Amino acid sequence: MSDNTDASPVASGTASYTPPTYDIDPADQHIADAILSIDPADLPGISTSNEQANLSLPTSVAALPPMLRAAAEAKLQYIPQHKRAAAEAAAVAEVLRDNTLDIRSKTGFAGHVDEYWQERSRITREHDRAIDEIDRITAQLAEVARYETEVGPDGKSRPRPIFVMGEAARRTAIQRQADLLYKARLLFADNGGLGIEAQRRLDKALKTSVGLRKTQQAKLADMQEVEKRAEVALREKRIQAAVDARVRSRGGSQ
């Protein structure tokens, strides 16, 4: 994890520990708002290739690749046929945007993108990895080596599964699942909202992003001032050179 989100004294080693805050200076709120207002689908991915930028995006379901076509059809399934043409382009655009966001969440953004959006991508990837591992462990827990026959209280025989994992391994796996689920819920709550750890990490990343943008803006302002003063100095130098030439010319004619 990129930040300590445990605000308890035990985690910090001191009873007087106060977790850091990442409040944005009101004077810088406009910078934070500009960062937050970005549509992540418009941000460049980690790949330096811009091949999609020069391609016309499809507007019909038939033009979508098979894996996206089903998602678009699902959005249109309750649309009356006489309204489908008008709704199809919007459904296709929504599916393409969702796919772009999914790719970004798995691969990340280009290096120059604000740290806030980089952190959002990292959080999503961490959450997805935790859920994937939970699913993998679930599948392992369900693996059956063989079945043995047992007689129930009713005197009837029934098959009893003998799992591949032994009891000790199963206890370890189940505990691992619980740990992963706890981690996942720190990142995203069950209702899909941000978890407490994710929120703190994003608050920190936003403050960092605001600071970097301020630094970049200050450097740009300095460079613009340098260019402005350089132009003035060069103009003065040209004028002085012309004056010197005129003086020499007049002096030579006397």
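The values are calculated or read from the model by the stated rules, or taken from the named source; none is laboratory data. What you see is a predicted model, and the numbers here were worked out from it, not measured in a lab. Cβ coordinates were reconstructed from backbone atoms using ideal geometry, including for glycine residues, and neighbour counts include every protein chain displayed. When the accessible area is computed, the model is the full protein with side chains, heavy atoms only, and any ligands, DNA or RNA have been set aside. Shrake-Rupley method; radii C 1.70, N 1.55, O 1.52, S 1.80 Å.
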Exercise. Could you please give the count of residues in segment 74-86 that are exposed (fewer than 14 other Cβ atoms within 10 Å of the Cβ) and part of a helix (DSSP H, G or I)?
Key: 7
Exercise. Can you work out which of the residues in segment 146-180 that are among the aliphatic types (A, V, I, L, M) and touching an Asp or Glu at 6+ places or on another chain (Cβ under 9 Å) is farthest from Arg129 (Cα to Cα)?
Key: Ile162
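Residues are listed down the side, and each one gets a yes or a no for (1) in contact with a Leu (Cβ under 7 Å, 6 or more places away or on another chain); (2) open to solvent by less than 30 Å² (accessible area, probe 1.4 Å); (3) within 30 Å of Lys214 (Cβ to Cβ):
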position	(1), (2), (3)
Phe109	yes, yes, yes
Val113	yes, yes, yes
Arg120	yes, no, yes
Ile131	no, no, no
Ala139	no, no, no
Ala142	no, no, no
Ala145	no, no, no
Glu148	no, no, no
Pro153	no, no, no
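Yes/no per residue for (1) touching a strand residue (DSSP E or B) at 6+ places or on another chain (Cβ under 7 Å); (2) farther than 30 Å from Ala173 by Cβ:
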residue	(1), (2)
Leu96	no, yes
Ile103	yes, yes
Asp114	no, yes
Trp117	yes, yes
Ile123	no, no
Ala139	no, no
Arg146	yes, no
Lys156	no, yes
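Would you confirm whether or not segment 182-198 contains a residue that is of a type outside the set (Ser, Thr, Tyr), open to solvent by 100 Å² or more (accessible area, probe 1.4 Å) and not in a helix (DSSP H, G or I)?
Filtering segment 182-198 for residues of a type outside the set (Ser, Thr, Tyr) gives 183-198.
Now restrict to residues that are open to solvent by 100 Å² or more (accessible area, probe 1.4 Å): 185, 190-191, 196.
From what's left, not in a helix (DSSP H, G or I): 190-191.
Checking segment 182-198: at least one residue is of a type outside the set (Ser, Thr, Tyr), open to solvent by 100 Å² or more (accessible area, probe 1.4 Å) and not in a helix (DSSP H, G or I).
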Quiz item: For Gly192, are the conditions met, namely being under 25 Å from the mean Cα position of the chain (by Cα) and under 30 Å from Ala139 (Cα atoms)?
Solution: yes
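With the structure loaded, tell me whether Arg201 is open to solvent by less than 60 Å² (accessible area, probe 1.4 Å) and of a type in the set (Lys, Arg) or whether it fails that test.
Criteria met by Arg201.
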